[in-house]
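Worksheet: the structure to be examined is printed underneath.
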Amino acid sequence: MTESRPGWRPLTGTVAVVTGGSRGIGRAYAERLRELGATVCALDLRPAGDAATEAVAGRGGFHEYAVDLADAAATAVVVDEILATRGPIDTLVCNAGGGVGEMWQNSPLAVDMDALRLAFEVNVATMATVCRAVVPQMVDRRRGKVVTVSSTAAVKVRPDGGYAHYASAKAGVIVYTKALAREVAASGVTANVLIPGAIGTERLLPKMQAMGMSRVVAEIPQQRLGTPEDCAGVLEFLVTPLSDYVTGAVIAVDGGLTA
């Protein structure tokens, strides 16, 4: 969207926080927000490092913070540091998360309980922790955009019932976000869910190759994998004034996979 709208920088002078923003789709989100004019703060368990930061430093503000989002106290400290040094946070993208194991494992009756607890910790608890740290100051200022990231697994059950631990956690992301949207709507803050489909990232490609790439693509009506930029384009809509009257929505970026 930015390429087709020269000079379109609606987030100039604002601060955006992206969890899991140092690599993969999260990095594409961070890059798009930076292109839109925001100062971007990436919160990540393992930041990409100085080389990656320097690659964008000359074209706008990009800052990485190492933090375990499962640690509420540590998260609060980092958020307070951002507020003190960068200014109020206008945009929050809760991208951090992930699954463990193979896609066909962890069906409902064979689910590993430790894997289930970990899935909720990594995908739901970390999201709730950072929302509780960031969103209140949005409510106080009566402005802000929150975007959480779920998964097609949350709305399209695998035929073999696999990955139920991850799917359940990502469904929790949707319900939490809808509840958040209702809670903060009167304060002018929006909260929406972005659902990436089969996106060709370094982390996901091996999993899709193990399943059979031709089989994966055959299930997608558009007959191709998505790209991080496909997701970033929808994020742009959700964090700019274009979506001021959109809240509590769940938008799939999946080429029609869940249609």
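Some observations on this one:
- Scanning the range 12-32 for residues that are open to solvent by 30 Å² or more (accessible area, probe 1.4 Å), among the charged types (D, E, K, R) and in a helix (DSSP H, G or I) gives ARG27, GLU31.
- Annotation: GLN105 fulfils all but one of (1) at pLDDT below 95; (2) in contact with a Phe, Trp or Tyr (Cβ under 6 Å, 6 or more places away or on another chain); the unmet one is (2).
- Annotation note: Cβ proximity below 7 Å between a residue of the range 141-157 that is more than 20 Å from ALA232 (Cα to Cα) and a residue that is open to solvent by less than 80 Å² (accessible area, probe 1.4 Å) and among the polar types (S, T, N, Q) (sequence gap 6+ or interchain) occurs for ARG142/SER187; VAL155/THR258; LYS156/THR258.
- Residue check, GLU183 modelled with pLDDT of 95 or more, of a type in the set (Asp, Glu) and surrounded by fewer than 14 Cβ atoms within 10 Å (Cβ to Cβ): yes
- Annotation: of all residues in the range 197-247 being under 27 Å from GLY101 (Cα atoms) and among the acidic types (Asp, Glu), the one that is surrounded by the fewest Cβ atoms within 10 Å (Cβ to Cβ) is GLU202.
- Test: residue in the range 56-68 that is open to solvent by 30 Å² or more (accessible area, probe 1.4 Å) and farther than 24 Å from THR201 by Cβ: yes
- Among residues of the range 231-259 that are closer than 14 Å to VAL155 by Cα, those with a beta-carbon under 6 Å from a residue that is in a helix (DSSP H, G or I) and not basic (Lys, Arg) at least six positions away or on a different chain give the pairs VAL250/ILE174; ILE251/VAL234; VAL253/ASP230; VAL253/CYS231; VAL253/VAL234; ASP254/THR152; LEU257/THR152; THR258/THR152.
- Those residues of the range 33-52 which are aliphatic (A, V, I, L, M) and assigned to a loop (DSSP other than H, G, I, E, B), in sequence order: LEU36, ALA38, LEU45, ALA48
- Test: ASN123 is assigned to a helix (DSSP H, G or I) and either in contact (Cβ under 8 Å) with a residue 40 or more places away in the chain or not hydroxyl-bearing (Ser, Thr, Tyr) (or both): yes
- Residue check, GLU54 modelled with pLDDT of 95 or more and either aromatic (Phe, Trp, Tyr) or out of contact with any helix residue (DSSP H, G or I) (no Cβ under 9 Å at 6 or more places or on another chain) (or both): no
- Among the candidates ALA119, ALA115, ALA84, ALA125, the residue that is surrounded by fewer than 22 Cβ atoms within 10 Å (Cβ to Cβ) and within 18 Å of the chain's Cα centre (by Cα) is uniquely ALA125.
The values are calculated or read from the model by the stated rules, or taken from the named source; none is laboratory data. It should be emphasised that the depicted structure is a prediction, and the values quoted were computed from it without experimental measurement. Note that we place each Cβ from the backbone using ideal geometry, even for glycine, and neighbour counts take in every protein chain shown. Please note that ligands, DNA and RNA were not included when accessible areas were found on the heavy atoms of the full protein model with its side chains. Shrake-Rupley method; radii C 1.70, N 1.55, O 1.52, S 1.80 Å.
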